[in-house]
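The values are calculated or read from the model by the stated rules, or taken from the named source; none is laboratory data. These numbers come from a predicted model, not from an experiment. Neighbour counts run over all protein chains shown; Cβ positions are idealised from the backbone, glycine included.
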Amino acid sequence: MKIVVAVKQVPDTATQVKISGADPKAIDTAGITWIVSPYDEFAIEEALRIKEKRGQGEVVAVSLGPDRVKEALRSALAMGCDRAIHLNDPAWANADTLATAQALAAVIKQEQPALVLCGRQAIDDDMGAVGAQLAEVLDWPCASWIMDEAVDADAKTVRVGRQVEGGLEVFDIPLPAVLSAQKGLNEPRYPTLKGIMGAKKKEIKDVKPGDLGLTPGAPQLMVKKLEALPARPPGRIIQGEVKDAVKELVRALREDAKAI
Amino acid sequence: MRIELTDEQAMIRDMAREFAQEHIAPIAAEIDRDARFPHETVKRMGELGLLGIMVPEAWGGSGADTVSYVVALEEIARACASHAVIMSVNNSLYCDPVWKYGTDEQRARFLKPVAGGHALGCFALTEPEAGSDARNQHTVAVRDGDDYVITGRKLFISTGREASYALVFAQTDPARAHRGISAFVVEKNTPGFSVSKTEDKLGIRASDTAELVFDACRVPAANRIGDEGKGFHIALATLDGGRIGIAAQAVGIAVGAYERSVRYARERKAFGVPIGEHQMIGWMLADMATAIDGARLITLKAATLKDAGRPYTKEASMAKLFAAETAMKVATDAVQVHGGFGFIREAEVERHFRDAKITQIYEGTSQIQKLVIAREVLK
Ligand SMILES: Cc1cc2nc3c(=O)[nH]c(=O)nc-3n(C[C@H](O)[C@H](O)[C@H](O)COP(=O)(O)OP(=O)(O)OC[C@H]3O[C@@H](n4cnc5c(N)ncnc54)[C@H](O)[C@@H]3O)c2cc1C
Ligand SMILES: Cc1cc2nc3c(=O)[nH]c(=O)nc-3n(C[C@H](O)[C@H](O)[C@H](O)COP(=O)(O)OP(=O)(O)OC[C@H]3O[C@@H](n4cnc5c(N)ncnc54)[C@H](O)[C@@H]3O)c2cc1C
């Protein structure tokens, strides 16, 4: 069974994001540590577990982005993916979620996997749209935010559990399908030293729009401007006798903050 | 000159950092207090390939280089020095010599399980009367047909209680003094071999330090690593590599203590300002950061020379000496920066302070490193 995992490279969760001085539509990337988006790690882990459980198969990691994205793909290979595909072209520099989904769909059509896994959203711009758009472009069924999955023995259907308020919603979905991973699906593995050492021997194929018969046009969604959040007003410590302080706290919450 | 890690080395460091911060750091204080050997996390380190880093894959290892070993070990030590010594002994003092001097048959039996992290190894050189003066071995191995019969005592052996395999040094020809020393692998349940005592220690308390007793312990001649009389050479060459590991451990301890100090110096206020803004504290932090960078660079230099197959005895001793002295100084100052809190268990810097001390003692004391360096520079 072949599985494609879509991964995105994002700034490390510890990064203090700053708006670029040169370009108000972009963030300042100087000094950023890049990582695989954490939800995508759940997707990679699940794909590897499916392959290991079945005792055969292939897991292909795909990512769209500039040169630095190779690092994220190498991390995926170190975790155990068999090979990687890098959609790397200046024409994709401003790709919105739909253009990204179209590019990924074109690769997926060539690869013909039985299953596509991705994270429920990337933790940088939090759009959460690519998985569903990808399924739409491919005309495949889709289940988002899955917490559980089981592919049947002959790889014809997958049973998935989606977390909903207070319970799990269970679906049987015919394959091929697109699934997006929610936190809790699994605990991603650390790459082993052997995995890391072996990753450089695995293939990362560069793919251009022309290889997919695509000519990316202007994106439908364009960032006009990024704005920093207003500085948070300082906290207030209410002093005095507890009895009076509590009264003042309730008043402040009710009248000033309108929180209760 | 390039001082950048390769992609693989950086990935190995990042993996070790994430694993150590998520799984080792949270238990470090508790296993120190209880002097409990951390079986679960050591097992996971084995699965990740951290216990046989420099051994080729064919023999169960990870096939990485010494620089990778150093950057990974620093990250482990930064979280917990006990885990670091377990890792260092297994990699440098057991796997390295068995790989380098063992036959293929010996590698298959004694190296593969240990490099793959399925069992642990230890290195038994020190005796009650043979510490710095390691030549003064009293343990004897008497040839008897296809066996040797080993009798003697080994003191302060790291992982001595937990290890399944011990690399033991003994006199096969006492008349030839240190040229009569040979090395043997002794398996745990061999009759006549026992662990008589586990020490109660100042630091690295979660790593077991044991006394091993050999009472007419019969070992097949096939367990002898290298030729008869080559044992002392094997021990010294092994310690050259081991010192790079201890240097990395010392850097990690220093980094752990330093990072806590920087955090505390930002948060703690005295006389109306964060204490870091008092010049005397700022200078302590500056000295810490500078010494740590220096120690790390010499350690990486020694590792790079070893990887290039060039002589590195002097650099390994320099790295061990400078990093150990740095760890002790940084950890002492880290307690100072924390004021009264630094003296209290809860702050956890006192653990770095207690752990730092051993790096000046084992695998050659700081004084012995100076002897080695002096001998090398006067050559
Ligand atoms: C926690 C721990 C773990 C250990 N793990 C291992 C292990 O796994 N395997 C193993 O074989 N050993 C191990 N050791 C032993 C360790 O390597 C020795 O303790 C160390 O080499 C010092 O030897 P010693 O204790 O006999 O001290 P001594 O040699 O008695 O030294 C006492 C003092 O005299 C100084 N001194 C000695 N000779 C000279 C000289 N010529 N010039 C100047 N000063 C000198 C020393 O620097 C030291 O300050 C361990 C020790 C400890 C405490
Ligand atoms: C075991 C123990 C027993 C104790 N017993 C008693 C007791 O019986 N009675 C009692 O009253 N107290 C006692 N203390 C408290 C002790 O006196 C204080 O811990 C000590 O004075 C340091 O204060 P601090 O812990 O608040 O550190 P801080 O004042 O927060 O100091 C933190 C660091 O900043 C440095 N620093 C602070 N101000 C400056 C400055 N202006 N310039 C440069 N550096 C500065 C300090 O030197 C230190 O390195 C005890 C403490 C301990 C640990």
Out of (1) within 13 Å of the chain's Cα centre (by Cα); (2) of a type in the set (S, T, Y); (3) farther than 27 Å from B:K230 by Cα, the odd one out for B:S62 is which? (1)
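For the stretch B:1-118, which helices (runs of 4 or more DSSP H) that fit wholly inside it have 1 or more residues that are within 16 Å of ligand 1 (Cβ to nearest atom)?
Values: elements: B:7-19, B:25-34, B:39-48, B:66-79, B:81-88, B:96-101, B:112-115.
Here the list reads B:25-34, B:39-48, B:66-79, B:81-88, B:96-101, B:112-115.
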Within the stretch A:1-28, residues touching a strand residue (DSSP E or B) at 6+ places or on another chain (Cβ under 8 Å) and surrounded by fewer than 14 Cβ atoms within 10 Å (Cβ to Cβ) come out as A:D12, A:T13, A:V17, A:S20, A:A26
Restricting to the stretch B:64-79, name every residue that is under 20 Å from B:Y312 (Cβ atoms) and either within 12 Å of chain A (Cβ to nearest Cβ) or of a type in the set (D, E, K, R) (or both). B:A64, B:D65, B:S68, B:Y69, B:V71, B:A72, B:E74
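Has the stretch B:136-149 got at least one residue that is under 14 Å from the mean Cα position of the chain (by Cα), away from chain A (no Cβ under 14 Å) and outside any loop (DSSP other than H, G, I, E, B)? So that I can check it myself, show each step before the final result.
Keep residues of the stretch B:136-149 that are under 14 Å from the mean Cα position of the chain (by Cα), which gives none.
No, because not a single residue in the stretch B:136-149 is under 14 Å from the mean Cα position of the chain (by Cα), away from chain A (no Cβ under 14 Å) and outside any loop (DSSP other than H, G, I, E, B).
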Taking the stretch A:51-80, which residues are more than 14 Å from every other protein chain (Cβ to nearest Cβ) and either in contact with a Gly (Cβ under 7 Å, 6 or more places away or on another chain) or crowded, with 21+ Cβ neighbours inside 10 Å (or both)? A:K51, A:V59, A:V60, A:A61, A:V62, A:S63, A:L64, A:G65
So B:M11 ticks every box in (1) surrounded by fewer than 16 Cβ atoms within 10 Å (Cβ to Cβ); (2) free of Cβ contacts under 8 Å to residues at least 24 places away in the same chain but one. Which box is left unticked? (1)
From B:E348, B:E315, which residue is within 16 Å of ligand 2 (Cβ to nearest atom), buried (at least 17 other Cβ atoms within 10 Å of the Cβ) and touching a residue at least 12 places away in the same chain (Cβ under 8 Å)? B:E348
Answer yes or no: is there a residue in the stretch B:120-139 that is over 20 Å from B:G241 (Cβ atoms), touching a helix residue (DSSP H, G or I) at 6+ places or on another chain (Cβ under 9 Å), more than 15 Å from ligand 1 (Cβ to nearest atom) and not charged (D, E, K, R). no
Among the listed residues B:V219, B:V251, which satisfies the condition of being closer than 29 Å to B:F322 by Cβ, within 29 Å of the chain's Cα centre (by Cα) and among the aliphatic types (A, V, I, L, M)? B:V251
Output yes when any residue across the stretch B:93-111 is within 14 Å of chain A (Cβ to nearest Cβ) and among the aliphatic types (A, V, I, L, M), and no when none is. no
Quick one: is A:P219 outside the structural domain of A:H86 (by TED's automatic domain parsing) and in contact with a helix residue (DSSP H, G or I) (Cβ under 6 Å, 6 or more places away or on another chain)? yes
Quick one: in the stretch B:123-155, of everything that is closer than 21 Å to B:C95 by Cα and touching an Asp or Glu at 6+ places or on another chain (Cβ under 7 Å), which residue is nearest to ligand 2 (Cβ to nearest atom)? B:L155
Give, as residue ranges, the strands (runs of 3 or more DSSP E) completely inside the stretch A:146-235 that count at least 3 residues that are farther than 30 Å from B:G52 by Cα and within 14 Å of chain B (Cβ to nearest Cβ). none
